[in-house]
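Everything on this sheet refers to the single structure shown next.
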């Protein structure tokens with residue numbers, strides 16, 4: 001195989017790994033940073049919003065004033081049953097400070113009424129299947145496989161480039177020295 005083709009394939013693989021890292025950082029790390037951009041991400045662990053939002057997706061949520069929400073909006077809210085859980089459902093009605101929700105895949109409305117303080121924000125968009133990757137990355141095996149191995153590949157490729165650069169510089173300097181000594185030899189004969 002041609003060396004140019006191999007180098008091109010290596011560059012494409014490097015960029016793909018870099019882009020995967022970038023997406024993972026933005027989706028997983030950004031919401032955890034102490035800066036408040038008003039954006040959160042939540043992993044969808046049930047099928048209650050299918051087919052609109054698939055199980056295993058990551059929903060990107062923007063903080064929104066609940067009074068500005070209208071029926072039909074998809075919202076993230078603190079579960080009335082367990083404050084540690086976040087639920088993503090569609091808003092079906094608003095009456096004053098009370099909000100009713102329903103999962104698209106559920107036959108009936110949720111049994112609770114939410115207050116504005118429970119609503120975390122409005123879903124901007126969802127990234128299908130990235131939630132599975134996110135959950136896997138949080139395990140030791142997943143972290144090693146999805147972060148460690150690509151990092152190792154990038155490090156090895158960068159070391160190879162540095163080595164090639166050093167060898168190229170040594171070759172240039174050797175040629176310069178050889179050229180200088182051959183000129184000096186000729187000048188000493190004259």
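Summary table below
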{"item": "Residue tally, condition free of Cβ contacts under 8 Å to residues at least 60 places away in the same chain, farther than 30 Å from residue 68 by Cβ and surrounded by 13 or more Cβ atoms within 10 Å (Cβ to Cβ), over the range 119-142", "result": "2"}
{"item": "Boolean, residue 48 is surrounded by 13 or more Cβ atoms within 10 Å (Cβ to Cβ), over 15 Å from residue 122 (Cα atoms) and modelled with pLDDT of 90 or more", "result": "yes"}
{"item": "Options 42, 77: the member that is closer than 23 Å to residue 135 by Cβ, part of a strand (DSSP E or B) and within 20 Å of the chain's Cα centre (by Cα)", "result": "42"}
{"item": "Among (1) over 30 Å from residue 43 (Cβ atoms); (2) touching a residue at least 60 places away in the same chain (Cβ under 8 Å); (3) assigned by TED's automatic domain parsing to the domain that holds residue 54, the one test that residue 96 misses", "result": "(2)"}
{"item": "Residue match in the range 144-159 (condition: under 29 Å from residue 48 (Cα atoms) and surrounded by 12 or more Cβ atoms within 10 Å (Cβ to Cβ))", "result": "yes"}
{"item": "Residue check, residue 78 at pLDDT 90 or above, touching a helix residue (DSSP H, G or I) at 6+ places or on another chain (Cβ under 7 Å) and surrounded by fewer than 20 Cβ atoms within 10 Å (Cβ to Cβ)", "result": "yes"}
{"item": "Residue under evaluation residue 87, criteria (1) assigned to a strand (DSSP E or B); (2) surrounded by fewer than 17 Cβ atoms within 10 Å (Cβ to Cβ); (3) more than 18 Å from the chain's Cα centre (by Cα), criterion not met", "result": "(2)"}
{"item": "Residue within the range 126-135 that is part of a loop (DSSP other than H, G, I, E, B) and either farther than 13 Å from residue 89 by Cβ or in the same structural domain as residue 75 (by TED's automatic domain parsing) (or both) present", "result": "yes"}
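Every residue, every condition in (1) modelled with pLDDT of 80 or more; (2) part of a helix (DSSP H, G or I), yes or no:
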site: 83; (1), (2): yes, no
site: 94; (1), (2): yes, no
site: 105; (1), (2): yes, no
site: 110; (1), (2): yes, no
site: 122; (1), (2): yes, no
site: 150; (1), (2): no, yes
site: 167; (1), (2): yes, yes
site: 171; (1), (2): yes, yes
site: 180; (1), (2): no, yes
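The values are calculated or read from the model by the stated rules, or taken from the named source; none is laboratory data. Only a predicted model underlies this, so the values are computations on that prediction, with no experimental measurement involved. Quick reminder, even Gly has a Cβ in these numbers, built from the backbone with ideal geometry, and neighbours come from all protein chains shown.
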